[in-house]
Amino acid sequence: MAVEPPDEPPTGLIASVRAVGREPEPERTGQRWGFGAFLLVEAVFILSAVFITALARTSGMDIGSSVAFILVGSMVPTVLAATVAVVITCVRGNGPWQDLRLGWNRADVKIGLKLGALGLVLTYVAAVIWSHVVGDQNATSAIGELVDGAGLPVGAAVAMFFYVCFLGPVCEEVIYRGLLWGAIERQRWSRWAAFTLTTLIFAASHLEPLRTSLLIVIALPIGIARLITRRLTASVVAHVINNFLPGLTLLLVSIGVMPA
């Protein structure tokens, strides 16, 4: 019988990290999915993105200025992949609440807020250093390049803001620190192994080689939230907080309030 995670980690972030054991996680009873499920979800993400791009090109759409493509191309692949992940847990497991560790309490939210704030600071410092290394002309994310100069209507800009700040983080956490983390734990590997692998794969899966090192830094506090609470809520909160200022900047730039 699987052992349920404790309701609250030890008091203090440093003490919580130190308390993380290196022993294998308890067996996940009833879970009949693993790395194959994650690979399927990644395939859905990549193939849907390729299909949308190909469809836009064959229809003669100007990808760089099409509001429809910016919204659909940015949101649909991630949302579709996360939906497939949830379906897999329903068909091959105990459902997302148990398999993806979606249970939560106030302590999880507090830890997520603290680590999200820490992530903002780390991200800012890392982004400044990274932009100096690669140059300002290369210091733009894939979504940033899509909306740069597109002059999005207010409605589309607000939709993109909510995706970057809320929907996107939830979907990515379901995929990486939910499904992938669970697949690693099913192999009876330690939480440290799950933390390390999900952090690296999360960064690489954005398919932005130039930004991979920056994405690793961004992912560290988010992964620590999942590591010490053993639930997904803390990492979702940390991810949302970490994305808020970049999302707000994206909104203001896309509607022309702030210069690019």
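The values are calculated or read from the model by the stated rules, or taken from the named source; none is laboratory data. Because the structure is predicted, anything quoted here is derived from the model rather than measured. Counting neighbours? That spans all protein chains shown, and the Cβs are built from the backbone with ideal geometry, glycine included. Remember, those area values only see protein heavy atoms, side chains included, never the ligands or the DNA or RNA. Shrake-Rupley method; radii C 1.70, N 1.55, O 1.52, S 1.80 Å.
Quick notes on this structure:
- For the stretch 219-231, the set of residues classified as of a type outside the set (Val, Ile, Thr), touching a Phe, Trp or Tyr at 6+ places or on another chain (Cβ under 8 Å) and in a helix (DSSP H, G or I) consists of Ala219, Gly223, Arg226, Leu227, listed by residue number.
- In the stretch 179-197, the count of residues that are within 23 Å of Val125 (Cβ to Cβ) and surrounded by fewer than 21 Cβ atoms within 10 Å (Cβ to Cβ) is one or more.
- Scan of the stretch 200-243 for residues that are small (Gly, Ala, Ser) and over 17 Å from Ile111 (Cβ atoms), ordered by number: Ala203, Ala204, Ser205, Ser213
- Test set (1) surrounded by 20 or more Cβ atoms within 10 Å (Cβ to Cβ); (2) touching a residue at least 40 places away in the same chain (Cβ under 8 Å) - Pro77 fails condition number: (2)
- Selected residue (only one of Ile201, Ile218, Ile228 is β-branched (Val, Ile, Thr) and either at pLDDT 95 or above or open to solvent by 50 Å² or more (accessible area, probe 1.4 Å) (or both)): Ile201
- Residue within the stretch 195-218 that is in a helix (DSSP H, G or I), of a type in the set (D, E, K, R) and touching a residue at least 24 places away in the same chain (Cβ under 8 Å) present: yes
Residue-wise test of (1) of a type in the set (A, V, I, L, M, F, W, C); (2) touching a Leu at 6+ places or on another chain (Cβ under 6 Å); (3) under 22 Å from Met75 (Cβ atoms).
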site	(1), (2), (3)
Cys165	yes, no, yes
Leu180	yes, no, yes
Glu185	no, no, no
Phe195	yes, yes, no
Leu200	yes, no, no
Ser205	no, no, yes
Leu210	yes, no, no
Ile228	yes, no, no
Leu250	yes, no, yes
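- Evaluated against (1) modelled with pLDDT under 95; (2) open to solvent by 10 Å² or more (accessible area, probe 1.4 Å); (3) part of a helix (DSSP H, G or I), Ala150 falls short on exactly one condition, (3).
- The set of residues in the stretch 193-220 being of a type in the set (S, T, N, Q), more than 14 Å from Trp181 (Cβ to Cβ) and in contact with a helix residue (DSSP H, G or I) (Cβ under 6 Å, 6 or more places away or on another chain) consists of Thr212 alone.
- For the condition of a type in the set (A, V, I, L, M), open to solvent by less than 20 Å² (accessible area, probe 1.4 Å), touching a Leu at 6+ places or on another chain (Cβ under 6 Å) and without any contact (Cβ under 8 Å) to a residue 40 or more places away in the chain, Ala238 does not qualify.
- Considering residues of the stretch 18-73 that are touching a Pro at 6+ places or on another chain (Cβ under 6 Å) and either part of a loop (DSSP other than H, G, I, E, B) or modelled with pLDDT of 95 or more (or both) only, the residue least open to solvent (accessible area, probe 1.4 Å): Ser48
- When Asp108 is tested against (1) under 18 Å from the mean Cα position of the chain (by Cα); (2) closer than 18 Å to Phe35 by Cα, exactly one condition is not met: (2).
- Residue tally, condition surrounded by fewer than 18 Cβ atoms within 10 Å (Cβ to Cβ) and in a loop (DSSP other than H, G, I, E, B), over the stretch 80-109: 5
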